[in-house]
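K.L.:
Starting off with a structure, shown below.
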Amino acid sequence: MKEKIAKWGLISILLLLIIVAYIPKSDTQKKEDISPVDHVNPYIGNISHLLVPTFPTIHLPNSMLRVYPERRDFTGDRLSGLPLVVTGHRRSSAFNLSPVQKSKFRPVIDYSYDNECIRPYEYQVYLDEENIKVDYSLSHQSGMYSLKFENEDSISLIVNSRNGAINWSMDAISGHQLIENGTKIYLYLLPERMPSSVQTLRKEVLKEGYSSSGNNACLVLKFPVESGELNLRYGISFISTEQAKRNLEREIIDKDIATIKSEGKQKWSQALGKIEVEGTDADALSVFYTSLYRTFERPICLSEDGRYYSAFDDQVHEDNGRPFYTDDWIWDSYRAHHPLNALIDTKKEEDILNSFVLMAEQMDRLWMPTFPEVSGDSRRMNSNHGVAAVLDAHRKGLKNFDIEKAYLAAKGAITEKTLAPWSGVPAGRLDAFYKENGYFPALPDGVEETEPEVHSFESRQPVAVTLGTSYDEWCLSQLAYELDEMEDYELFVNHSYNYRNLYNSETMFFHPKDEQGRFITPFDYKFSGGMGARKFYGENNAWVYRWDVQHNVEDLIELMGGTETFITNLDQTFNEPLGRSKFDFYAQLPDHTGNVGQFSMANEPSLHIPYLYNYAGQPWKTQKRIRTLLDQWFRNDLMGVPGDEDGGGMTSFVVFSQLGFYPVTPGLPIYNIGSPVFEEAKINLPNGNTFVISAENYDPEHKFIQSATLNGEVLDRPWITHEEVIKGGELKVVMGMNANKKWAADLKNVPPSGLTNTATLQ
């Protein structure tokens, strides 16, 4: 009996050794095969909570060529052809491709589809009624479709320019599409097989011809039955069809689709590998790397073989060895997107800011752009926050752009252009009133707008304009200080307090005033202001704009009567009921989604609010709130983004917050500490250093910091400097399930705000 037990015991041990030996090898192999891009889920947020969803975009980091499947929304049952290029964030495709075997000829074929697979560098889909397998990949300015036709029938390709001209030159298709403001995008498409015939298509009628122009200008290329597989390579350009051809030849002309995919994956792995995170929460990894991927969607690089087209003066320029970037919605990207670039990709951020300066020089007036797109500066939203990106970069040591010209351009945009939202005209009477009285005046209810500087479809947004401009002028003052322009410094630093002029001490809200200096009454801080609260605020109501003093939180605390009241008001923001049914609330405030009380996680003016507890001695509440918001609103699912993501504007907040810190005040080189989500995160800095955030006693449920050290020294403040980060080292936090309310709670250690001299931070 003992011998049998010994025998079976030995067998069991051998089996166990085999299993143990096998499992680590398998796991190690799997881990080695996974790169950061494999965690990306482009479908996160593709179903919106109310307004604009995210788009599952296929592109390389900051590249000119971007595509995504065109459909009404994620649940749309039909694909509108196959895209060749998307010319800007949220646009429909310029040029469209429709392979056909069964359907009637139309400018764009609506396809039933299945088995769709999207990764940042590839797209696959099965057109199940046509029985066509689609495989796609791309480079920076060129792409390739590989189409496999299962039916034994003749093949046709419909190529639609949408709005422009298209031509067959006996071996390739060339053409252009007019986007807007005179901007054109050009196409050069080369089929691997030559067609048996080429015709034009107008509506649903085929005619003989090799060229077509106008709306839905189409060519139809027909191929014989034996060509059951068809490969198409194409290049795009904003300069010319000849340049589109050169872009194709430079990037992918001799490459198969597998090679293009492999190179694309490698480029994404390099870009996303700037930050390495580890933890046991797979969904958190997916949310993190998908958010980081979205920060590379904008702006886009327009340089082509050392030249670029600029819609800011409708000219082609030499780039002098520096990439030219555009498509940057600065109104929200200044908050976290630009600071993220300044941290992990300093050269790119310098090139972006250099592009801002070039845009200002190329326009009629030396004004910093506000919403630079491929078709020029659209001057959308309110305020002129390009100055914040300039100041933030300069104070973080980024020097490779002309700071003097940047200052003059920012000063011009704030002092010479009207402050009225969505308007690019020179300053008018309302701006003169602002300069004299320190606030943008509100128009009383029932009074018709007559000021020409106010855009015809827009309202004044006087509170949003006053608060935003107060911050912009603080940024101007700090740049003036850095440049030893002391007269300007004194002027703008005084203007940076203009938010005080709209503070209602009785209600502790920022309240619109008319030209006589009277608060508008009666007034509802939730709903006054009409659609989007835009008559007085902008997309968000007074509960959000109550906290829009990023540059001087200390003074905001004083206005409210001290830290205790400040904390009470913060708490109430997250607790205050909507005040109406969701139907009625969102019918008026459709951008104000992602609600926790009156806080809106879905709109960028709210992003800094959860970190404000740090300034009042209760950082544990910042830790609790940040982790709760991340868990509630940023998830690895189709509705995992609460609102308008804006191509990196919001997901930069997620990247910072999951790492454990956030730039509350761009222009002040410090970061507020929140609650690290991962067991370890490594930031591979451009200077060759590495900054590590590590969590001892890690568990996904442990959100509270018990204690912290920075490079082995005790850290008892809820903030760190940019200088401390870029020197490299380790921020080590001990985490726990319950709050340590004493950590970093001393009011002597709160984050600085409103400083004029950053030397004290070094």
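K.L.:
Any idea how far apart S456 and D314 come out in nm if each label point goes 7 Å out from Cα toward Cβ?
P.N.:
In this crude spin-label approximation the distance works out to 2.1 nm.
K.L.:
Would you kindly derive the ³J(HN,Hα) couplings of the range 602-612 from the backbone phi angles with the Karplus curve 6.51 cos²θ - 1.76 cosθ + 1.60 (θ = phi - 60°), listing them in order in whole Hz, with x for Gly and Pro?
P.N.:
Residue by residue, the range 602-612 yields 8, 9, 4, x, 8, 4, 7, 4, x, 7, 6 Hz.
K.L.:
Using amide H atoms built in the peptide plane, which far-off residues or other-chain residues are under 5 Å from R202 H to H?
P.N.:
K207
K.L.:
Leaving out same-chain residues fewer than 8 places away, which aspartates and glutamates sit with a Cα under 19 Å from that of K245?
P.N.:
Counting by Cα, and skipping residues close in sequence, K245 has these aspartates and glutamates nearby: D171, E192, D254, D256, E304, D305, E318.
K.L.:
Only loop residues by DSSP count here, and only those with at most 16 other Cβ atoms within 10 Å; note down the chymotrypsin sites (Phe, Trp or Tyr not before Pro) in the range 397-492 that meet that.
P.N.:
Those satisfying the criteria are F457.
K.L.:
Okay, next question. Once phi is turned into θ = phi - 60°, what whole-Hz ³J(HN,Hα) does the Karplus curve with 6.51, -1.76 and 1.60 give for every residue of the range 369-385, x standing for Gly and Pro?
P.N.:
Using θ = phi - 60°, the values come out as x, 10, 9, x, 10, 5, 9, x, 8, 8, 6, 7, 6, 10, 6, 9, 7 Hz.
K.L.:
With a cap of 12 neighbouring Cβ atoms within 10 Å, and only residues DSSP puts in a loop, list the trypsin sites (Lys or Arg not before Pro) found in the range 463-530.
P.N.:
Those satisfying the criteria are R518.
K.L.:
OK, next. Work out how far the C-alpha atoms of the range 371-448 reach from end to end along every principal axis, then list the three figures in whole Å, largest first.
P.N.:
50, 32, 18
K.L.:
Could you let me know the centre-to-centre spacing of the range 714-730 and the range 63-116, using Cα atoms, in angstrom?
P.N.:
47
K.L.:
Exactly which GluC sites (Glu not before Pro) in the range 372-428 are in a DSSP loop and have at most 14 other Cβ atoms within 10 Å?
P.N.:
E416
K.L.:
Pull up all non-local amide H partners of E696: gap of 5 or more, or a different chain, and H-to-H distance under 5 Å with H placed in the peptide plane.
P.N.:
V733, V734, M735
K.L.:
So, one more: When the distances between all Cα atoms of the chain are binned every 20 Å from zero, what whole-number percent does each bin get?
P.N.:
Values per bin, smallest distances first: 16, 46, 30, 7, 1, 0.
K.L.:
Rounded to the nearest 0.05, what FRET efficiency is calculated for A432 and M194 with R0 set to 41 Å and r the Cβ-Cβ distance?
P.N.:
0.05
K.L.:
Report the relative contact order of the range 64-270, percent, no decimals, based on alpha-carbon pairs under 8 angstrom and at least 6 residues apart.
P.N.:
Relative contact order of the range 64-270: 20 percent.
K.L.:
Lysines within cross-link reach of K411: Cα-Cα under 30 Å, excluding same-chain residues under 8 positions apart?
P.N.:
K347, K348, K396, K399, K435, K513, K535
K.L.:
Roughly speaking, what is the stretch gain from M737 to V225, that is 0.36 nm per residue apart minus the C-alpha to C-alpha distance, in nm to one decimal?
P.N.:
Difference between extended and current length: 177.7 nm.
K.L.:
What net charge do the residues around V733 carry, taking every other residue with its C-beta under 14 Å from that of V733, with Lys and Arg at +1 and Asp and Glu at -1?
P.N.:
Cβ neighbours under 14 Å give a net charge of -3.
K.L.:
Which of the helices in the chain meet the span-like rule: DSSP H, Cα axial reach of 20 Å or more, Kyte-Doolittle mean at least 0.0?
P.N.:
2-33, 462-482
K.L.:
Further question on the same structure: How long is the gain from D445 to E150 if the chain were fully straight, where each residue apart is worth 0.36 nm and the alpha carbon distance is subtracted?
P.N.:
Value of the extension gain: 99.7 nm.
K.L.:
If amide H atoms are built 1.01 Å from N in the plane of the peptide, which residues on other chains or at least 5 residues away come under 5 Å of the amide H of E116?
P.N.:
Y126
K.L.:
Still on this structure: Between the range 531-608 and the range 216-261, what is the C-alpha centre distance in whole Å?
P.N.:
Centre-to-centre (Cα) distance: 50 Å.
K.L.:
Provide the per-residue ³J(HN,Hα) series for the range 204-213, in order, calculated from phi with Karplus coefficients 6.51, -1.76, 1.60 and θ = phi - 60°, each as a whole number of Hz, with x at glycine and proline positions.
P.N.:
Computed from phi, the couplings for the range 204-213 are 10, 10, 8, 9, 5, x, 10, 8, 8, 8 Hz.
K.L.:
Okay, moving on. Using alpha-carbon positions, what is the distance between the centroids of the range 273-310 and the range 453-518, in Å?
P.N.:
If we compute the Cα centre of each part, the gap is 34 Å.
K.L.:
Going by average Cβ neighbours within 10 Å, how do the peptides 291-298, 174-181, 262-269 rank, with the highest at the top?
P.N.:
Per-residue mean Cβ counts within 10 Å order the peptides as 291-298, 174-181, 262-269.
K.L.:
Okay, moving on. Taking a cut-off of 17 Å between Cα atoms, list the lysines near K405, but don't count ones fewer than 8 places away on the same chain.
P.N.:
K417
K.L.:
Which whole-number percent is the relative contact order of the chain (Cα, under 8 Å, 6+ apart)?
P.N.:
11
K.L.:
Take the Cα radius of gyration of the range 637-734 and divide it by 2.2 N^0.38 Å, with N its residue count; two decimals is plenty.
P.N.:
1.12
Every read-out reported here was derived from the displayed coordinates using simple, explicitly stated rules and does not represent laboratory data. Only a predicted model underlies this, so the values are computations on that prediction, with no experimental measurement involved. Methodologically, a virtual Cβ is constructed for each residue, glycine included, from the backbone with ideal geometry; neighbour enumeration extends over all protein chains shown.
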